[in-house]
């Protein structure tokens, strides 16, 4: 299937398979994978489809990298202080992977021991995939029972960029997906069959009518809440998406276009020894009203934020994009 074009009909895709549904997975995890940048700059290969990203030719690459590394360390430290186990690995200088600090686009980890490798649109992002990191996690005591490799779809120009393309309700096995050049319906179906998920697919645009490149900038799903820019979703699917969220026990917190642009949809609930926290950027936290912050914290737990303006501006992604949750079982 070719990438979604405006006007095509999109609905809910129910995979027909014979997989027996497993026990409900936990929505949130205690462990995250992060990649410390070494040559971070705005990626010109992703700018055409990522309207959150700013390519500034006048920016000094060394200054951008220095600021991004400091922001990365501040976020990792804030999460660590909150009780999250951060598994941070350094990127390698070569090959040059300007977006390496967004590992959730090439890998996802699941409670049944699956590790999924994803096809990515930008050629210079494909070299972010590092099998040595999976080996390191195994040495650290995580059990990887199988690797599901979807990367062959790149040869067919079909892409699915991990938990950027997919916002997973792991407990109810629903994958929410905004179709775009980076999120192809055929690969969604492949994911759904292999991981036993139902897919809620829709089109979404920003305030200027431009397609939204990743689902995780417009919505996030926690255990008992979902923060969603409902107005972004095509009108014929808004009620369907909201109804699915509500019937699966989520309090829907509606975000404005402006809050989405500030990355308020790009947040992630995590589990600490003392309960849940919600990780987001300082820009996202500031954009939320006191009432919205209160609802999120009442439904989940304290907000943990860090200022990452360089990463948001030049990378076009925020805190959630920087975190690949490790749901793998321990050996």
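The values are calculated or read from the model by the stated rules, or taken from the named source; none is laboratory data. Given the structure is predicted, the values throughout are model-derived calculations rather than measurements. Reconstructed Cβ throughout: ideal geometry from the backbone, glycine too, with neighbour counts over all protein chains shown.
Can you say whether residue 134 is surrounded by 20 or more Cβ atoms within 10 Å (Cβ to Cβ) and closer than 18 Å to residue 36 by Cβ, as far as the supplied structure shows?
Here the answer is no, as residue 134 does not meet what is asked.
Looking only at residues that are touching a residue at least 40 places away in the same chain (Cβ under 8 Å) and in a loop (DSSP other than H, G, I, E, B) in segment 213-236, which one is surrounded by the fewest Cβ atoms within 10 Å (Cβ to Cβ)?
So the residue we want is 224.
From the set of residues in segment 70-87 that are closer than 14 Å to residue 319 by Cα and in contact with a helix residue (DSSP H, G or I) (Cβ under 8 Å, 6 or more places away or on another chain), which is surrounded by the fewest Cβ atoms within 10 Å (Cβ to Cβ)?
86
Cβ-Cβ distance below 6 Å, separation of 6 or more or different chains: which pairs start in segment 33-56 with a residue that is at negative phi and buried (at least 21 other Cβ atoms within 10 Å of the Cβ) and end on one that is in a strand (DSSP E or B) and at pLDDT below 80?
Short answer, once both residue conditions are applied: none.
Cβ-Cβ under 6 Å, sequence separation 6+ or interchain: first residue in segment 72-88 and more than 16 Å from residue 307 (Cα to Cα), partner part of a helix (DSSP H, G or I) and modelled with pLDDT of 95 or more. Which pairs?
These pairs meet every condition: 86/76; 86/79; 86/80; 88/76.
Any chance segment 58-67 includes a residue that's in contact with a helix residue (DSSP H, G or I) (Cβ under 6 Å, 6 or more places away or on another chain) and exposed (fewer than 15 other Cβ atoms within 10 Å of the Cβ)?
Scanning segment 58-67 turns up no residue that is in contact with a helix residue (DSSP H, G or I) (Cβ under 6 Å, 6 or more places away or on another chain) and exposed (fewer than 15 other Cβ atoms within 10 Å of the Cβ).
Is at least one residue of segment 122-129 modelled with pLDDT of 95 or more and within 28 Å of residue 237 (Cα to Cα)?
Taking every residue of segment 122-129 in turn, none turns out to be modelled with pLDDT of 95 or more and within 28 Å of residue 237 (Cα to Cα).
From 169, 190, 239, grab the single residue that is touching a residue at least 12 places away in the same chain (Cβ under 8 Å) and more than 22 Å from residue 32 (Cβ to Cβ).
Step by step, each of 169, 190, 239 is checked, and only 190 is touching a residue at least 12 places away in the same chain (Cβ under 8 Å) and more than 22 Å from residue 32 (Cβ to Cβ).
Any idea which of 265, 258, 209 is more than 22 Å from residue 327 (Cα to Cα), without any contact (Cβ under 8 Å) to a residue 60 or more places away in the chain and part of a loop (DSSP other than H, G, I, E, B)?
Just a single option satisfies the conditions, and that option is 209.
Pick from segment 138-160 the residues that are within 27 Å of residue 179 (Cα to Cα) and buried (at least 18 other Cβ atoms within 10 Å of the Cβ): which of them is nearest to the chain's Cα centre (by Cα)?
The qualifying residue nearest to the chain's Cα centre (by Cα) is 160.
Filter segment 34-61 for residues that are touching a strand residue (DSSP E or B) at 6+ places or on another chain (Cβ under 9 Å), assigned to a loop (DSSP other than H, G, I, E, B) and modelled with pLDDT of 90 or more; which is farthest from residue 84 (Cα to Cα)?
Per the stated criteria, the residue is 38.
Identify, please: which residue in segment 245-255 is out of contact with any helix residue (DSSP H, G or I) (no Cβ under 8 Å at 6 or more places or on another chain) and not in a loop (DSSP other than H, G, I, E, B) and is, among those, nearest to residue 205 (Cα to Cα)?
In this case the residue turns out to be 245.
Scan segment 274-315 for residues that are at pLDDT below 95 and assigned to a loop (DSSP other than H, G, I, E, B) and jot them down.
Hit for segment 274-315 is 274, nothing else.
So residue 210 passes all but one of these: (1) modelled with pLDDT of 95 or more; (2) out of contact with any strand residue (DSSP E or B) (no Cβ under 7 Å at 6 or more places or on another chain). Which condition number does it fail?
(1)
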